[in-house]
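Working notes, structure below.
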Amino acid sequence: MNTEFVIRPYNTGDESAVIDLWQRCKLTRPQNNPKLDIERKLKVNPELFLVGLIEREIIATAMGGYEGHRGWINYLAVDPHFQRNGLGRKMMDTIQSKLSIRLSEDKLTSP
């Protein structure tokens with residue numbers, strides 16, 4: 001792949017493109033409203049919600065969570081046309097790095 005892949009934090013203008021990507025990746029479920037999932041994420045650890053772009057098109061997401069001593073990933077998605085190119089790994093590496101920084105910061109400030 002010759003086009004630059006850029007990872008950045010989610011912003012509110014990304015919502016429809018993100019939900020569309022999740023639907024193409026078959027990540028949405030009738031019992032989980034993706035719009036509500038995004039709203040909840042933006043209230044807690046919004047810096048752990050990342051999007052990946054190629055030529056300004058959102059083609060990947062990773063939504064991380066952290067509750068004090070444990071981290072997790074939800075909504076890891078890569079557009080089916082871009083899968084098998086290592087982009088999911090890049091998203092995971094980036095979110096894992098952010099979670100590791102968060103853990104280190106908490107260890108420094110805990111009594």
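Give me the pairs, please: first residue somewhere in the stretch 30-58 and closer than 13 Å to ASN74 by Cβ, second residue anywhere and among the polar types (S, T, N, Q), beta-carbon distance under 6 Å, and either six or more positions apart or on two chains.
Hits for this filter: PRO34/THR28.
Based on this model, can you work out whether THR61 counts as touching a residue at least 24 places away in the same chain (Cβ under 8 Å), of a type in the set (Ser, Thr, Tyr) and surrounded by 13 or more Cβ atoms within 10 Å (Cβ to Cβ)?
yes
Residues that are under 16 Å from the mean Cα position of the chain (by Cα), loosely packed, with under 13 Cβ neighbours inside 10 Å and farther than 17 Å from GLN23 by Cα: does the stretch 102-111 have at least one?
For the stretch 102-111, residues under 16 Å from the mean Cα position of the chain (by Cα), loosely packed, with under 13 Cβ neighbours inside 10 Å and farther than 17 Å from GLN23 by Cα: absent.
Can you pull out the strands (runs of 3 or more DSSP E) entirely within the stretch 41-111 that have at least 3 residues that are touching a strand residue (DSSP E or B) at 6+ places or on another chain (Cβ under 6 Å) and more than 19 Å from ASN11 (Cβ to Cβ)?
In the stretch 41-111, 71-78 are the strands (runs of 3 or more DSSP E) which contain 3 or more residues that are touching a strand residue (DSSP E or B) at 6+ places or on another chain (Cβ under 6 Å) and more than 19 Å from ASN11 (Cβ to Cβ).
With respect to PRO46, is the statement that it is in contact with a Ser or Thr (Cβ under 8 Å, 6 or more places away or on another chain) and farther than 21 Å from ARG84 by Cβ true?
It is false that PRO46 is in contact with a Ser or Thr (Cβ under 8 Å, 6 or more places away or on another chain) and farther than 21 Å from ARG84 by Cβ.
Please determine, by comparing only the residues of the stretch 2-40 that are part of a strand (DSSP E or B) and under 13 Å from the mean Cα position of the chain (by Cα), which one is surrounded by the most Cβ atoms within 10 Å (Cβ to Cβ).
Going through the qualifying residues, I end up with ILE7.
Each value in this text was obtained by applying a stated rule to the coordinates, not by laboratory testing. For clarity, every value in this text was computed on a predicted model and none was experimentally measured. So basically every Cβ, Gly included, is an ideal-geometry build from the backbone, and we count neighbours across all protein chains shown.
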